[in-house]
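Heads up: the structure comes next, in structure tokens.
The values are calculated or read from the model by the stated rules, or taken from the named source; none is laboratory data. Fair warning: this is a prediction, and the values are worked out from it, not measured in the lab. Ideal geometry is used to build each Cβ from the backbone, glycine not excepted, and the neighbour counts take in all protein chains shown.
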Amino acid sequence: MDALDHQIAYLLGLNGRISNREIARRIGVAEGTVRQRLSHLIVSGVLRVSAQFNIEAVPEAYIAVVGVKIDGRRLTECAHEVEKLPSVLTTMIVTGRYDLLAVVLALTRQTLVDFVTDQLSNIPGVKDSETFVVLKNFGQWVPADKLSQLISVNTPPE
């Protein structure tokens, strides 16, 4: 990524609905340049533009950070397995007392309990975990597709 790519990403970060034409006007390049650069960033997996919810606007949702201790020989494999769990927003391999940190979104307390006791604990290589429930969130936005998926899973059919 060069300075031009960063400028494009910055403007999209401020307003994900800004047009290529407006981006081009603001940074002083041709619209085709913006379109080409943006396409390359998205296709290469460097940039994603998506709708997001301010999680504080969804008061029934729980965000938790789960510290996980892993059998050291399975660290990357476990990280990939944790990442696949439906409630997980992101997974990170970290230094410190835990091997992994997972940020989890749950729409009910029971969903969070099920995540820790049933889903996470059944992944081979997971030795121990500690869950930190977020009491107040500052600046955490949740991808709309992830939140909508969890809501549809937790909404009983009519």
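Key figures
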{"quantity": "Cross-chain or 6+ apart pairs with Cβ under 7 Å, segment 98-114 first and in the same structural domain as Val126 (by TED's automatic domain parsing), then of a type in the set (S, T, N, Q) and assigned to a strand (DSSP E or B)", "calculated": "Leu100/Thr91; Ala102/Thr91; Val103/Thr90"}
{"quantity": "Every pair of residues 6+ apart whose Cβ atoms lie under 6 Å, when the first sits in segment 65-78 and is in the same structural domain as Lys136 (by TED's automatic domain parsing) while the second is of a type in the set (S, T, N, Q) and surrounded by 16 or more Cβ atoms within 10 Å (Cβ to Cβ)", "calculated": "Val66/Ser129; Val66/Thr131; Val68/Ser129"}
{"quantity": "Residue list for segment 98-116, restricted to those being in contact with a strand residue (DSSP E or B) (Cβ under 8 Å, 6 or more places away or on another chain), more than 11 Å from Ala64 (Cβ to Cβ) and among the charged types (D, E, K, R)", "calculated": "Asp99"}
{"quantity": "Residue identified as of a type outside the set (Lys, Arg), more than 20 Å from Gln140 (Cβ to Cβ) and touching a residue at least 40 places away in the same chain (Cβ under 8 Å) among Val34, Val46", "calculated": "Val46"}
{"quantity": "Pair list, Cβ under 8 Å, 6 or more apart: segment 118-138 residue touching a residue at least 40 places away in the same chain (Cβ under 8 Å), other residue among the aromatic types (Phe, Trp, Tyr)", "calculated": "Glu130/Tyr98; Val133/Tyr62; Val134/Tyr62"}
{"quantity": "Residue within segment 68-75 that is modelled with pLDDT of 95 or more, out of contact with any Leu (no Cβ under 9 Å at 6 or more places or on another chain) and either surrounded by fewer than 17 Cβ atoms within 10 Å (Cβ to Cβ) or not charged (D, E, K, R) (or both) present", "calculated": "no"}
{"quantity": "Residue list for segment 9-46, filter: surrounded by 15 or more Cβ atoms within 10 Å (Cβ to Cβ) and either small (Gly, Ala, Ser) or assigned by TED's automatic domain parsing to the domain that holds Asp145 (or both)", "calculated": "Ala9, Ala24"}
{"quantity": "Restricting segment 123-151 to residues that are of a type in the set (D, E, K, R) and farther than 13 Å from Ala102 by Cβ, the residue that is surrounded by the most Cβ atoms within 10 Å (Cβ to Cβ)", "calculated": "Lys146"}
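Every residue, every condition in (1) over 18 Å from Val133 (Cα atoms); (2) assigned to a helix (DSSP H, G or I), yes or no:
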| residue | (1), (2) |
| --- | --- |
| Leu41 | yes, yes |
| Ser50 | yes, no |
| Val68 | no, no |
| Arg73 | yes, yes |
| Thr76 | yes, yes |
| Val104 | no, no |
| Gln110 | no, yes |
